[in-house]
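The values are calculated or read from the model by the stated rules, or taken from the named source; none is laboratory data. Because the structure is predicted, anything quoted here is derived from the model rather than measured. Cβ placement follows ideal geometry from the backbone for every residue including glycine, while neighbour counts extend to all protein chains displayed.
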Amino acid sequence: MQTNAQTHGGKSRRDFIKSTATAAAAVAAVNMFKTPVYGQNQAPSPGRVIGANDRIVVGFIGVGGQGMAHVRSQKNDAQANNVALVATCDVWNKRIESSKAYIGGDCQGYDDYRKLLERKDIDAVTIGTVDHWHTRCTIDAMESGKHVYVEKPMTRYLGEAFEIYDSVKKTNKILQVGSQGCSDAKWHKAAEMIKAGKIGQLIMAQGSYPRNNPKGEWNYNIDPDAKAENLNWERWLGPVKNKIPFNADHYFRWRKYQPYCGGLLGDLFPHRLHPYMLASGNPEFPTRVVSVATKAVHSDRNTPGTPERDVPEHVELLAEFPSGLTLVMVSSSVCESGLIEQINGHKGTLYMSGNRVQLKPERAYAEEVEPETIDGIKPGEDVAVHEKNWFDSIRENKQPNCGIDLAVKVQTVISLGEMSERLSVACRFDAATRKITTGDGIVMPVTELKPITYGTLKLS
């Protein structure tokens, strides 16, 4: 009997397969940051064309904790990125004044974002508002000729995601969603390896974003200066149907309450979902999403004076995609130990950790797939790097690392996960029709579900 080495002219089976790999695999392997020109052959929109050496003028809508983090980062790198910070907007006067003072110079403050958008000198805006204002601010900004960096989650509800998608395609503006993991090079390296066929057909991926906060996640400090007299509460509530009088706990700790946020699904899940779906090499809309959640620890009881949260403390999600890939994602605010971060293919598995990607072959394909460890991959998960990618994409007219084509698919998973958990159903999705159904038509009848939106449920 001949050995593998003898069969293939003295080469091992692995070496033989490597040396005879098809040109298609080589073509599929792309540079980790190479992206196509964005929005070709689309109608122009207002706003100037920005050249490679032009300064980008930036405004900020929403300058609370998250918004001010972007103000600080972009001011720190203003010279390197060739940007000018000129305007801020918020519903609370104190935040307007403090953000203006931090930026300095001739920075102007506004209590109505539409006034900021009227300025013709502003090229781009960073949106760090509460989740339920993301959509209106984003669409209005793009229609006024501004490029947009909007914090994750891109939208509060599913229908809004397609409103933004359609607006991006119409206006040809550059949209970056603030999931900075997408600018971590290891996920692009994983996508390169997967597209090159190194682990075979994708089977599953799993990831997690766990925390364990004994005093209840998002129970931020409440500033006693915030009052109904100096804060536009009605404007802050915006499209929310479950309107209540001014409530400082809701204002500062809004991620705990379903009218404004999906909780873990809206805040922590995007940090993992965006990179994992990017790493697949071919992000898809899901075909089916199921989610379960619990709220058994009651961690808010350890912060006196705060009400119990609406949102769960622990969430698990399973998503199925047309290619056969399944994705398991877990997030918790009461359990810090998570899953091993990995992407499984038919022939090998990628382990994702820190600045490393490690490929281990499946036992059955040990002679075909060569183990590989890539260390020292940079940059990591860095907001400043993600912001720079946005500015570079504006100048080069290319899709950024977390652009609309990825973001709309991720938001679909998030929103279907919320629907599944809150309605206790398995959600099927048809990307062609954008319809959500339950049942398979065989065992259970097919029933169409209308997406959750403002006013659909008591807490919306």
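With respect to (1) assigned to a loop (DSSP other than H, G, I, E, B); (2) out of contact with any Pro (no Cβ under 9 Å at 6 or more places or on another chain); (3) not basic (Lys, Arg), the lone exception for Ser337 is condition (2). Residue count for region 195-204 under the criterion of being crowded, with 24+ Cβ neighbours inside 10 Å and part of a helix (DSSP H, G or I): the result is 0. The residues listed here are Gly207, Gly238, Gly216; of these, the one that is surrounded by 15 or more Cβ atoms within 10 Å (Cβ to Cβ) and within 19 Å of Val357 (Cβ to Cβ) is Gly207. Condition check for Gln258 on (1) part of a loop (DSSP other than H, G, I, E, B); (2) crowded, with 19+ Cβ neighbours inside 10 Å; (3) in contact with a His (Cβ under 9 Å, 6 or more places away or on another chain): one failure, at (3). Within region 132-183, the only residue that satisfies the criterion of being touching a Ser or Thr at 6+ places or on another chain (Cβ under 6 Å), closer than 27 Å to Asn242 by Cβ and assigned to a strand (DSSP E or B) is Val150.
From the list Val369, Val443, which residue is in contact with a Pro (Cβ under 8 Å, 6 or more places away or on another chain), farther than 24 Å from Asp184 by Cα and part of a loop (DSSP other than H, G, I, E, B)?
Val369
Within the bounds of region 308-319, is there any residue that is surrounded by fewer than 18 Cβ atoms within 10 Å (Cβ to Cβ) and out of contact with any Cys (no Cβ under 8 Å at 6 or more places or on another chain)? Yes, that holds for at least one residue.
So, Glu229, is that one modelled with pLDDT under 95, of a type in the set (Asp, Glu), over 15 Å from Val130 (Cα atoms) and surrounded by fewer than 20 Cβ atoms within 10 Å (Cβ to Cβ) or not? Yes; evaluated as a whole, the condition is true for this residue.
Within this structure, Ile452 fails the test of being within 20 Å of Phe321 (Cβ to Cβ) and crowded, with 22+ Cβ neighbours inside 10 Å. None of Gly380, Gly338, Gly324 is touching a residue at least 24 places away in the same chain (Cβ under 8 Å), on the phi > 0 side of the Ramachandran plot, surrounded by fewer than 21 Cβ atoms within 10 Å (Cβ to Cβ) and not aliphatic (A, V, I, L, M) except Gly324.
Counting only residues that are not hydroxyl-bearing (Ser, Thr, Tyr) and not in a helix (DSSP H, G or I), region 85-111 holds 14 of them.
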